[in-house]
Structures are given as structure tokens and as C-alpha cells.
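See structure below.
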Amino acid sequence: MLSLRNTPAGPLTCVLTAAGITAFLALFLLAEEQTTILLYLGAGLILLLGLKASGLLDVLLQAARDNESLWTRLMLAMSLALILIFHDDHYSLFLLGTIMTYSVAVLGLNVQLGYAGVINFSAASFFGVGGYTAALLMANAGVPSLLALPLGGLASALTGCILLLPVLRTSGHYAALVTMAFALLFRVFLEVCPWFGGPQGIPVEGLNVLGASFMDDMRIAGLDFSFYAKYDLFALLMLCLTFGFIRRLERSWFGLSMDAVRGDEVASACFGVSIARWKITAFTMGNFISGMAGAFYAMMLAYISPANFSFADSLLFLSILLLGGIGNSWGVLVATAFVVALPEKFQVIQEYRYLIYSSIVLLMIIFRPAGLLPRRVRSYTGGMA
């Protein structure tokens, strides 16, 4: 395949591609008429199929792989550009913040399933543990919001210890049933326990950094910015830190050990790799990341209820991971934007979104189990092949 590494065409191709994606996303989010939205979706699909048929899509993907550090900076620039474009649009900025927060949560699930092969059908439950922990700590103990974020992650990690024994002793569909049962029990527990507000939920204090409330609008250089712009910037910071950490984890001997466990437990054990240790590490780490994301989401939403953390939401997280490509952090970002934004903008399918998520899971498992952006095979002599 043609490689554009270290050639002017490579970086230029990446910049032009990023600019095109940003323009398309801006037009798509600005569109309000359903016919216009459908027109944009059709045009995007035709363009994608045309690039695939001509072979240009492979060239663009190769350019992205050869210039990954540049693409990381471009993704940051794209996010900032979209925040600037929608500076006073509450709805669009909230949607962007939701996409980035969900991306962080699914990256945590990716550590579990994509790296170590630990099945988790209750990702939204750990997302909710972080949210409820942050809400209760800020309301009842006066814990600062910045401290409540990691405490929410810690609570999720500790809650995950309840499932460690059954998860380690089961595999395949049995492990899936264990996590499904936890997701259903968690929803029922929230609804019947008065401490958590029952089915109605509880209000959550907004994020506050060094005395500056994130619930107030702001004005910069003559432009009025929605208060959601602050949340988007903070969500972008969380996403960048989480993404960078997970990419380094993947390239480290931690990631190597997790890959070995996922690939073949028997062979890994024969070579002295502790199966239980790395499964526990991946499960705990993923839950901590999801819990932090949930704590932030609760502050941004300013109100949480059991309906926000149902089994259907766990299915949403799983469908994002399967669609993007299990183990591929870049695929998570692409799939989250697609799965979250499409039902919100295309109202015709809004009521059927969970049916669509279920269909995505089934279709991807049957026809493309590696996802739209499959993770490259690891080369044990030179990183990722």
C-alpha cells in the first residue's frame, strides 16, 4: 500500500481531511430540517463509498496511521473549532460534551474488553456509580467538585470488586450474564433506595474550579459563550488525558501482557503471565475511567436518575466499541460521534435508538466482528504492525 510517511503529501492530506470532517460535522449539527439532515447523511455515505471504491479511503487511512501524532493535534483543533462555531448554542455544545464524555467512558470499556478480553455488559452501571458518588459527596459532605471526580472513579473501581470473583471464574456468555445481572440489580437498587432519590433521581451541583462556577455563561472577545462551552473544554481535557494514557498503556508491557491474556489464556499462563492479575488490573482501571466520566457527566447534566444508567445504556457503550473496532481507541472516537449524534439529530429514529444499538451489535458480530476501524495486529518486535 502507498505510504505517505515523512512526505509533504501525508501531513497535507491529514490537514485537508480534518478540515473536511470539521466542515461536515458543523453543517450536520447546524441542520434542523429532517430532510436536510437526511441529505447530509446521504451525501456523506455516497462520498465514503466513492472513496472506498476508488481506493482513496485506504490512502487516507494509511496517511492517518503514518501521522498519528499530527492527527492527535488535529483532533484537538477540530474540537476547539466546533466549540467556537457553536459558542452560544446550548444544545449543540451539550451534544459535543456528551460525545466527549461518552468517549472517555467507552475508552475505559475498551481497556477491559479490547485489551484484556474481560466482558462487561454493565459499563453504564459503573458510569452511574461515579455520577451518584460525586453527587452525594458534594451535596452531603461538601466535597469540592474537582475532588469528587476522582472519588467517583474510585467508588466505581471499588464497586467493581464485587464482580471480580464471578468475572474471574467465568468466561464467554457466562461472564456476560454476570455483568448483565449486575446492571439490572443496580437499576433496581437506585429506584428503591431513598438515599438516591428513587426513580425521580437527584439534582447535582455543577463543576466549580478555583471558585469559578461552570454554570455561568461567559463573554470573550465580544462573543457570548454558553456555559456548556466550559464543560466542553473540560471534557476535551479529560478525553485528551485519557486517550494519551491509554495509547501509552497499549504500547507498554502492561498492554503487551493484557494482549497476551486476551489472545490465549492457556499459552499466557504457560509463559508465566498471571491471568487473574491482568484481568483485575484491566477491569479495575476501566471502571475507574468510566466512573470519572460518569461523575463529570452528572455535573454537566446537573441532574441524574436511574434512567440515565440502564442496561440499554450499557448496550449503547458496547455498540460504540463494536462499531469502532474492539481495541482501537481511534475507532471509539469515530463511533461515539456517530452513535450519539445521529439519533439526536435524526428524530425519525429517536424512539428506535435502542433497537438500532441492538442491531448494530448483532450485525457487527455477524458481518464485521473487528469493527469499522479494526485494530492493527500487534508486532511483538516493533509495536503495532
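The values are calculated or read from the model by the stated rules, or taken from the named source; none is laboratory data. Please read all numbers here as calculations on a predicted model, not as lab measurements. Neighbour counts are summed over all protein chains in view; Cβ atoms, including those assigned to glycine, are modelled from backbone coordinates with ideal geometry.
Residue count for region 252-270 satisfying the condition of being touching a helix residue (DSSP H, G or I) at 6+ places or on another chain (Cβ under 8 Å) and surrounded by fewer than 19 Cβ atoms within 10 Å (Cβ to Cβ): 4.
Within region 50-67, the set of residues being surrounded by 13 or more Cβ atoms within 10 Å (Cβ to Cβ) and either more than 25 Å from L29 (Cα to Cα) or touching a Phe, Trp or Tyr at 6+ places or on another chain (Cβ under 7 Å) (or both) comprises D58, V59, Q62, A63, A64, R65, D66, N67. Would you point out which residue out of L47, L2 is among the aliphatic types (A, V, I, L, M), loosely packed, with under 14 Cβ neighbours inside 10 Å and modelled with pLDDT under 85? Testing whether each residue is among the aliphatic types (A, V, I, L, M), loosely packed, with under 14 Cβ neighbours inside 10 Å and modelled with pLDDT under 85 leaves just L2. In region 79-101, the count of residues that are closer than 30 Å to S171 by Cα, in contact with a Phe, Trp or Tyr (Cβ under 9 Å, 6 or more places away or on another chain), assigned by TED's automatic domain parsing to the domain that holds I275 and crowded, with 22+ Cβ neighbours inside 10 Å is one or more. For region 172-189, a tally of residues being touching a residue at least 40 places away in the same chain (Cβ under 8 Å) and under 21 Å from G263 (Cα atoms) returns 3. Report whether or not T179 is surrounded by 20 or more Cβ atoms within 10 Å (Cβ to Cβ), among the β-branched types (V, I, T) and over 30 Å from I83 (Cα atoms). Yes; evaluated as a whole, the condition is true for this residue. When you look at A276, is it over 19 Å from the mean Cα position of the chain (by Cα) and part of a helix (DSSP H, G or I), yes or no? In short, yes.
If you take the residues in region 190-216 that are of a type in the set (D, E) and touching a residue at least 60 places away in the same chain (Cβ under 8 Å), which one is surrounded by the fewest Cβ atoms within 10 Å (Cβ to Cβ)? The qualifying residue surrounded by the fewest Cβ atoms within 10 Å (Cβ to Cβ) is E191.
Annotation note: Cβ proximity below 6 Å between a residue of region 360-375 that is under 22 Å from A64 (Cα atoms) and without any contact (Cβ under 8 Å) to a residue 24 or more places away in the chain and a residue that is exposed (fewer than 15 other Cβ atoms within 10 Å of the Cβ) and not β-branched (V, I, T) (sequence gap 6+ or interchain) occurs for no pair.
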